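The values are calculated or read from the model by the stated rules, or taken from the named source; none is laboratory data. Just so we're clear, the structure is a prediction, and the values are computed from it rather than from any experiment. Here the Cβ is made from the backbone with ideal geometry for all residues, glycine too, and neighbour counts use every protein chain on show.
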Amino acid sequence: MSATRRSRIIRFLLVRLVVSIPVILGIVFLTFMLIRIGGQDPVAMIAGPVADSAMLSAIRTQLQLDQPLLKQFFNYVLLVVQGDLGVSWQGGIPVLSEIKQLFPSTLELVFLSVGLAALIGVPIGMRSAFKPNGWFDQLTRFGSLAGFSMPTYWLGLMAIFVFFYLLRWAPAPMGRLGVDVVTPAVVTGSVLIDCLLEGNWNALGSALSHLALPVMCFALLAAAPIIKQTRAIMIEIAGSDYVRYARANGFSKKTIENIALRNAAGPLLTFLGSELTSLLAAAALIEYIFSLSGLGQWGLNAILLGDFAVVQGYVLTLALCSMLIFMVIDLMVLLLEPRN
């Protein structure tokens, strides 16, 4: 790597890091304010229906909800800078420790789903683009439209009904391991990786069988936009001058497809990054339906229960992870671009 290219990459990373700071502060501010002006009273939920006004006032003071909003926000930001995301109001557990425990499971689900969706969507989209308006293209467009139209919760429930209840092919949607399986020691938080590190093959098989159905459902939903976007990118590239020149020179079909795929790598990586970040937020429904006990299910329960500390930590984690994903994707595009 030349010194000029290395300095350009370093400058790119520094600029992205500097720009990320006000973006994160804005996300924290909006999240903090919106959940407090949303009309939900967490004090009443915590105290219960038989609490008197003195108990409600004591809980409000303990949670510092009696202070002005801006003062609450500045106190929260000071704690976040020190690495303290607060304590769950419902469970009394530090938010950061819960995130460390649950986030690897969500990443496991999302990365497997996006990886499978890319393996399905990119080849189908490429074949559809190189033979537009043919029978395969028409079938592909119909299938991607159907994938766009299916709600996440409906597909998950139908998969459970068919593969668990009717066919008995899938295990019960109750967690990541069977009830008769010894849980591996927690090292990374990812059940699959921890099983591999421990050599617990029985638990690994159980974990894979429990993940198969939610991963397939999530991958099918993610594959629809990947097929559509790949087709659109490839159709544009197939009509470009350099592809027409390659055809005129008699290059083989495989060589032309490789040329097109190389030039489509940047846009495709960018789209896959956006798909990955959107699935991080959408994972809550899949985790809830299949009882996977991940970060999404934890965040969704916190929203329903009005646990402000958990909601703030959940949104902040998603925002940081999304910005990191886009930074890595942009860096990969920068390295793939031959003109840089």
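Check Phe326, Phe290 and return the single one that is of a type in the set (Phe, Trp, Tyr) and under 30 Å from Leu261 (Cα atoms). Steps first, please.
Working: Phe290 fails: under 30 Å from Leu261 (Cα atoms).
Result of the check over Phe326, Phe290: Phe326.
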**Message:** Among (1) more than 27 Å from Leu269 (Cβ to Cβ); (2) in a helix (DSSP H, G or I); (3) at pLDDT below 85, there is one condition Trp154 misses while meeting the rest; what is its number?
**Reply:** (3)
**Message:** So if I check each of Ser144, Ser88, which one is touching a Lys or Arg at 6+ places or on another chain (Cβ under 9 Å) and more than 24 Å from Ile256 (Cα to Cα)?
**Reply:** Ser144
**Asked** For segment 24-83, list the helices (runs of 4 or more DSSP H) that sit wholly inside it and hold at least 1 residues that are of a type in the set (Asp, Glu) and in contact with a helix residue (DSSP H, G or I) (Cβ under 8 Å, 6 or more places away or on another chain); which are they?
**Response** none
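Kindly check whether there is at least one residue in segment 194-205 that is of a type outside the set (A, V, I, L, M) and in a loop (DSSP other than H, G, I, E, B). I'd like the intermediate steps shown before the answer.
Residues of segment 194-205 of a type outside the set (A, V, I, L, M): 194-195, 198-202, 205.
Those left that are additionally in a loop (DSSP other than H, G, I, E, B): 199-200.
Checked segment 194-205: at least one residue is of a type outside the set (A, V, I, L, M) and in a loop (DSSP other than H, G, I, E, B).
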**Request:** Any residue in segment 214-230 that's among the charged types (D, E, K, R): show its pairings with residues that are part of a helix (DSSP H, G or I) at Cβ separation under 6 Å, as long as the two are six or more apart or on different chains.
**Result:** Lys228/Ser144
**Request:** Select from segment 94-125 the residues that are of a type in the set (S, T, N, Q) and crowded, with 17+ Cβ neighbours inside 10 Å and list them in ascending order.
**Result:** Ser105, Thr106, Ser113
**Prompt:** Across segment 174-214, which residue is nearest to Thr106 (Cα to Cα) among those that are crowded, with 23+ Cβ neighbours inside 10 Å and among the aliphatic types (A, V, I, L, M)?
**Reply:** Val191
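When you scan segment 235-321 for helices (runs of 4 or more DSSP H) that lie fully inside it, which ones turn up with 3 or more residues that are more than 26 Å from Val110 (Cα to Cα) and not acidic (Asp, Glu)? Reasoning before the result, please.
Details: elements: 241-248, 253-290, 295-305.
Counting at least 3 such residues, we get 241-248, 253-290.
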**Prompt:** Residues of segment 170-202 being without any contact (Cβ under 8 Å) to a residue 60 or more places away in the chain and under 18 Å from Ser291 (Cβ atoms), which ones?
**Reply:** Ala170, Pro171, Ala172, Leu177, Gly178, Val179, Asp180, Val181, Thr183
**Asked** In the set Phe142, Phe148, Phe161, which member is within 20 Å of Ser209 (Cβ to Cβ) and in a helix (DSSP H, G or I)?
**Response** Phe161
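Please specify each residue of segment 116-134 satisfying the condition of being outside any loop (DSSP other than H, G, I, E, B) and in contact (Cβ under 8 Å) with a residue 24 or more places away in the chain.
Correct list: Leu116, Ala117, Ala118, Ile120, Gly121, Val122, Ile124, Gly125, Met126, Ser128, Ala129, Phe130.
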**Item:** Near pairs, Cβ below 7 angstrom, 6+ apart or cross-chain, from segment 251-263 (free of Cβ contacts under 8 Å to residues at least 60 places away in the same chain and surrounded by 13 or more Cβ atoms within 10 Å (Cβ to Cβ)) to any residue that is charged (D, E, K, R) and in a helix (DSSP H, G or I)
**Value:** Ile256/Arg247
**Asked** In this structure, is Val114 under 21 Å from Ile256 (Cβ atoms) and either at pLDDT 90 or above or assigned by TED's automatic domain parsing to the domain that holds Ile235 (or both)?
**Response** no
**Message:** Being surrounded by 14 or more Cβ atoms within 10 Å (Cβ to Cβ), at negative phi and among the aliphatic types (A, V, I, L, M): is that true of Leu79 here?
**Reply:** no
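Among the listed residues Gly205, Gly239, identify the single one that is out of contact with any Asp or Glu (no Cβ under 9 Å at 6 or more places or on another chain) and either in contact (Cβ under 8 Å) with a residue 12 or more places away in the chain or farther than 22 Å from Gly156 by Cα (or both). First the steps, then the outcome.
Details: Gly205 fails: either in contact (Cβ under 8 Å) with a residue 12 or more places away in the chain or farther than 22 Å from Gly156 by Cα (or both).
On inspection, the qualifying residue turns out to be Gly239.
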